[in-house]
Every structure is written in C-alpha cells, then in structure tokens.
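These notes are about the structure you will find just below.
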Amino acid sequence: MTGALVHLRGPRATGMLLTAPAAMLLLVLFFYPLATLFLTTLHPDNIENYARVVSSGTYMQVYLNTLRLAVIVTVIDLVIAYPLAFYMCRLTGGSRMVAFFLLLIPLWTSQLVRTYAWMVLLGRNGPINSALMALGLTDTPLRLSNSEFAVVIGMVHILLPYMVLPIYSSASKIDRSLLEASRGLGAGAFSTLTRVLIPLTIHGVLAGVSLVLVLSLGVFIMPALLGGGRVPVIPLLIEQQAGSFLNWAMAGTFCVILLAMVLVIFWLIKLSTRLLVRGRVHA
Amino acid sequence: MTNENQAVLDVQKIRKTYGRVEALREIDLRVAAGEFLTLLGASGSGKTTLLRIIAGFETPDSGRVSIRGADMTWASAAERQIGMVFQNYALFPHLTVLENVMFPLEMRRITRRAAADRARAALDSVHLGVFGDRYPRQLSGGQQQRVALARAIVFEPSLLLLDEPFSALDRRLRESMQQEVKQLQSSLGLTTIFITHDQEEALVMSDRIAVMGGGAIRQIGTPAEIYYHPNSISVATFVGESNIFEGVPKGRSFYAASGAHFSLAAPTDCNRMLIRPEAITLSRASVPADPREANVFAAQVLDRSFVGGFTVYRVRLAQGDEVSVRAIAREGAIFQPGETLQLTVAPADCRPLTDRSAA
C-alpha cells in the first residue's frame, strides 16, 4: 500500500474506499436535489401545503390507492416469483441460462417500450381480445387497457425480476437434503413449505417484497399510459404539479410524504424481519 | 436372525436405471429386527441409490420394498417411519438443536410439551442434553452428527438409515462415534442400515455386510464370512488386503501360473485363490515342514514399510510371484530388503474364490 492508503487499514477502511465513488455520486446527484426539494417545501410560503394535502380527502385517497396498487402488485409478484425461483434452482446448464435470460430481458428493455407493448397486447383489437373472441369466450372485445387491470399486469411484469432474484438467491442456498430430511421426518408438502422452506427463504422474500413494494409506489409510466386516467396514483399527481402547474413546492410536498411512506414501510419490514428471522443473529 | 417373520425390511427384485445406466439390477435384501446391516461399496456401486429407494426419495423401476410386512414401494418418505442420518447431517439451520429433534414429533401431532420432553431424553442419550438451545451452526461436526442421530431415533422409527455419517469426521472422532452409534443401536434394538465405502468401518460395526458393486450385491454375510471367505476378487480386494493367485486346481492342490504349488485344506475346482497378507509367516530359520501342514517357499524381501503395529513386506517367491506379507513388528525381528527368508502359509489360509461369474 502506498500514499494515502497507508493510513487506512482494515475492512472498514477498505469498504469506505470502495464505496467512496458511489457515495459521492449519490451525495451530489440524489441527496443534494432531495435536500433542496425538502427545504423548498419547508419554506414559510409553502409549509401550509402539508396541511392541505393531509386534510384533503381526495389526496389521501390517492395515497391509499397508490399503496393499495403497490400491495396488489407485490402480492401477485410474490405468488408468481416464489415457485418460479425454486423451479429455476432446479434447472441446470443451458436451461438455467435461458430462464435467467427470459427473466432479465424486461430489465434490459426500456420501460416505455414494454408499456407500449402491453398497450398493443391489451388493446381493443389486440391479440388477446382477438384470441378470446376467436375462442368464443366473448362476443365483444373486453376493455382490457385503460384500466387498473392493465396497470397491474404491466407493473407485475416489469417488477417480477426484483422479486425473483432475491428469492432465487436465498432458495439456491438451501441444501436439497434439508427438504428430504423434512419429508423423511414425517412432514408433508405443506409442513415442509411452512416449517422449512419459508423460514429459510424469508430473507429473500422480505428483500423482494421491499424492492417491489417501494418500486411500485413510484411507477409513473404504467398508470399514465395503461391506466387511461382511471388509475390515480401519487407519481401522476407529482408530474401534474411539476409539469403542468409548475408548482414545484406542491410537487415536493407530495414527494416528501411519499418518501415518508416508503421509510415507514422499510421500517416495518425491518421490524418484521427481526420478528420472523430467528437463529441467524447468533452467528 | 434369519427368521422369515422377523424381517423389518424386505427388498425384492429392485431395479433402477438412469437413462442407459443400470444403477441397480435385481436387488434382493432382507433385514431382520434389531440387525445392523452395512451396504459396503465404492461410489457408483449402487449403495446410495438402494438407500434412497428404501428411504422413499427415489422410486424403483420395478420390484418391491416392504417394511414390517407392508408394501411401501410407492409410499412417500413421510409415511415410511424411517429415521435417516444424512451424510451432511441436514440439520435445519433455522431451528435450535431441541427444535430440530422435536421436528419429527411435531409432524406426528405430539403436543409441544410431550415432544420437548422426548426430544430432551433423546438428546441426553447422545450426551447433548445441555446443547438444546444452541443452533446447529454453533456445534462441532461430531456434535451435529449426534443431533442428527437424536432426531432420527426420537420418533422410534421402524428402521434407521445411516448414509456415510462419519465420512466428514477425523479419524479419532470417527472411531468414538462408531462405538457410540453401535452401543446406542444395540441398546435400543434399532434395525439399522448403514452405508459406507470404508471396509474397516463396515467390519467393526456390522452384524452383516452386503458388499455392493456394479449395481448388485456381490456377497452378503457376517464380517468374518466376508473377510475370510470372500467369493470373488472384487470382494476380496475391497475388504482387507489380499494376495490373489490365478492357476489350476487339482484336488487339494493348487498350481499357480508361476508354477508355485500350494496345498489346500479341502479339494476345490476354483482357478483363483486368496491368501491374506497376515496369514503368511516369514522367518530366517529354515525349518523343515510337512507340506500337508504348511506350504513353504523361499522368498526374497523386495521392500518393507513400517506401519507402527506391524510391518508390510513385499517379497518375491523363488517361483516369481510377488506377495505382500503383514507381520507384527517386534523390534529386532525386522527383515532387510534383499534378505532371503522362509515363507510359510497354512493350507487352511489358502482360500479358493468360489464365484466365477464375477471378476
């Protein structure tokens, strides 16, 4: 080691050095604007915005709706991702690569492109409606797009990898002999799931849940393009205030309250982690 | 022990193939109540596949597995009442030692309190009573092994399966665990199937040994039968050290290919013969011997290795055969390479290998 590094030793110092560029980037590009925004909302001219938002039934309804949508998307993603992650653990070689590729493609394509793709698929004359009519399941095309249904489908799709990857990561560490031991000791499939699999993957599940929940609170494009104005969520309000009304202070107030919601969710998840995960703290 | 009605496990004509590989070909095996049977074989011999079929983790292509007279061929592992100790112990990392041992009891809907009492008793029987509140990761390999054992016996299974449980332990710990498991097994009268590739371990622990190779049971018998009367080269060389001679039998004589002549204790028509290295005596004195009581050869020491309690010599008979000899290493009675000695072996120790179908 040479120069400045001489004075910094040990894993802590190494960790600080390695994360320094990222930390600087976050500080300048993320923390600084956020702090500015926060201070703007606290300005005496703007401070009563908080009271306006909190006392407005309409705005609070939109917050609740945003949260409700996020919870629905998270639950659906969890139900899809959990078995999928275990299935991917059992794949080997080429088929595992293909599965990962399929899973990660959505992350590599622009959100806008994917949203338009869903608009086409779910459209009045789109392939899904055509297929349903060809099968005789419906006579007139269903209104699939411009609805909450479309928004949920789109969000479930883009956010699925964020649920699958952490669960896969914890599921892949489970020794298969543990499952055999569980069966051999008299546990049925359900007991093996609840007593062995879920406790051993709870870290991955909670990580996936926090990621998807928080990301879905901030999704803008899907509600904007697939919701057809029928799915009011906070990001739409923020865009409206900042983009159409040029009321940055109000947009900032919405942001800060949303951020507070996210922090509370994180805190709750951390709390539940402590309650749900035993045994690992003793390491 | 071979009473038909007492068989706890009855395996009939089990076959299993993976793709084109025949993992098991027509295995028949009966294990009597209270018996300690070892499946001994190298990796790929089929012993693990057989164990997994008995445990219910694999299904056979054909054949039948019965436990206590009930057909269990298609029963799930959970229904079979089999306790198993896995090679890597497979303890649940998120449960404490006590909770691990309680697990099979709770799966049997025994109340938590009764389960905890029985689990504590099982932990006491493996001398881990005070470790109940720890997590598996906080225990040593030997202790984890005991927890796995306690968990496998706590629900009084019909059958206990041990899958190479000692392979990860160091030699000394392995030996004490062998003794402990054997004691526990016989005091509880547990019918046990033990898997190992370690022939010494098999000889020490078993009531009977089934030597497996190529997906079949090559020979089954008591440790002494397997050791003294192996039926084939593969069994003879797998269990213990061996000198194998090929040649021509003639009544009570055996003419090795080199021309060396051995007297046998009984007539045979086998063309292969085994002499265990410890059955051979080397001496400096040349004692005239009756050929009916002893086979005597002149032999030259090629090299020797000192192994503590005994010395292994490699010697060459005057006829040319190379033979390995194991002699108790008394100080002062150590032979030098190059020395010419008298080699004696009793006719009863020249053992024909009866199974000509196997190599």
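The values are calculated or read from the model by the stated rules, or taken from the named source; none is laboratory data. Not measured: the values here are computed from a predicted model. Neighbour counts run over all protein chains shown; Cβ positions are idealised from the backbone, glycine included. For the accessible areas, the whole protein counts, side chains as well, though only heavy atoms, and no ligand, DNA or RNA atoms are used. Shrake-Rupley method; radii C 1.70, N 1.55, O 1.52, S 1.80 Å.
How far, in degrees from 0 to 90, does helix B:141-153 lean away from the longest principal axis of the Cα atoms of chain B, to the nearest 10? Long axis of B:141-153 versus the principal axis of chain B: about 70 degrees. What the Cβ-Cβ distance of residue B:21 and residue B:170 gives, at R0 = 45 Å and to the nearest 0.05, is a FRET efficiency of 0.85.
Helices in chain A, meaning DSSP H runs of at least 4 residues, each add -39500 (n - 2.57). Divided by all residues, the mean residue ellipticity at 222 nm is -23500 deg cm²/dmol. Computed extension gain for residue A:51 through residue A:138, at 0.36 nm per residue and net of the alpha carbon distance, reaches 26.5 nm. Every helix of 4 or more DSSP H residues in chain B counts as -39500 (n - 2.57), and over all residues that averages to -7000 deg cm²/dmol at 222 nm. Residue B:293 contributes an accessible area of around 130 Å² to the protein surface, as traced by a 1.4 Å probe with all chains present.
Across peptide A:187-199, the average count of Cβ atoms from other chains found within 10 Å of a residue's Cβ is 3. Counting only protein chain heavy atoms and rolling a 1.4 Å probe, the accessible areas of B:239, B:204 rank, largest first, as B:204, B:239.
Sequence-ordered 3J(HN,Hα) estimates for the range B:264-279 from the Karplus curve with 6.51, -1.76 and 1.60 and θ = phi - 60° stand at 10, 6, 8, x, 8, 10, 7, 9, 10, 9, 10, 10, 6, x, 7, 7 Hz, glycine and proline given as x. Using r as the Cβ-Cβ distance of residue B:13 and residue B:198, and R0 as 30 Å, what FRET efficiency do you calculate, to the nearest 0.05? Efficiency, rounded to the nearest 0.05: 0.55. Averaged over peptide B:87-95, the number of partner chain Cβ atoms lying within 10 Å of each residue's Cβ comes to 6. In terms of accessible area, using a 1.4 Å probe and ignoring ligands and nucleic acids, B:39, A:142 rank largest first as A:142, B:39.
For the protein assembly as shown, the carbon plus sulfur part of the accessible surface works out to 60%, probe radius 1.4 Å. With no solvent and one point per C-alpha, what does the Debye sum give as log10 I(q)/I(0) for chain B at q = 0.06, 0.08, 0.09, 0.14 Å⁻¹? Those come out to -0.30, -0.51, -0.62, -1.11, one per q. Annotation: extensible slack from residue A:28 through residue A:268 equals 83.5 nm (criterion: 0.36 nm per residue apart, minus Cα-Cα distance). Given R0 = 45 Å, the distance between the Cβ atoms of residue A:39 and residue A:68 translates into a calculated FRET efficiency of 0.90.
Across the range B:55-72, coupling constants 3J(HN,Hα) worked out from phi with the 6.51/-1.76/1.60 Karplus curve, θ = phi - 60°, read 6, x, 8, 9, 10, x, 5, 7, x, 9, 10, 10, 10, 6, x, 9, 5, 10 Hz, and Gly and Pro carry x. Pairs of Cα atoms nearer than 8 Å and 6+ residues apart set the relative contact order; for the range A:173-283 it is 23 percent. Approximating the spin labels as points 7 Å out from Cα along Cα→Cβ, the residue B:285-to-residue A:18 distance works out to 7.5 nm. Each peptide in A:176-185, A:52-61, A:117-126 gets a packing score, the mean of other Cβ atoms within 10 Å over its residues, and the list from highest to lowest is A:176-185, A:117-126, A:52-61. Per residue, the accessible area of chain B comes to 46 Å², computed with a 1.4 Å probe over protein heavy atoms only.
Ranked by solvent-accessible area (1.4 Å probe, protein heavy atoms only, all chains present), the residues B:339, B:225 order from largest to smallest as B:225, B:339.
With both labels modelled 7 Å from their Cα along Cα-to-Cβ, the residue B:340 to residue B:117 distance reads 8.0 nm.
Extension gain for residue B:156-residue B:61 works out to 31.2 nm (0.36 nm per residue, less the C-alpha to C-alpha distance). Here the convex hull built on the C-alpha positions of the protein assembly as shown has a volume of 281 cubic angstrom per residue. Centre-to-centre separation between the Cα atoms of the range A:116-160 and those of the range B:299-356: 86 Å. Across chain A, the mean sequence separation of Cα contacts (distance under 8 Å, 6 or more residues apart), normalised by length, yields a relative contact order of 25 percent. Here the label points at residue A:96 and residue B:188, each 7 Å from Cα along the C-beta direction, are separated by 3.6 nm in the simple model.
Using a ≥ b ≥ c from the Cα gyration tensor of the range A:39-282 (square roots of the eigenvalues), is it rounded, prolate or oblate, where a/c under 1.5 gives rounded and otherwise the larger of a/b and b/c decides, a/b for prolate? In terms of gyration-tensor shape, oblate. 3J(HN,Hα) along the range A:152-166, derived from phi through the Karplus expression 6.51 cos²θ - 1.76 cosθ + 1.60 where θ = phi - 60°, amounts to 4, 4, x, 5, 4, 5, 5, 8, 3, x, 5, 8, 5, 4, x Hz, with x in place of Gly and Pro.
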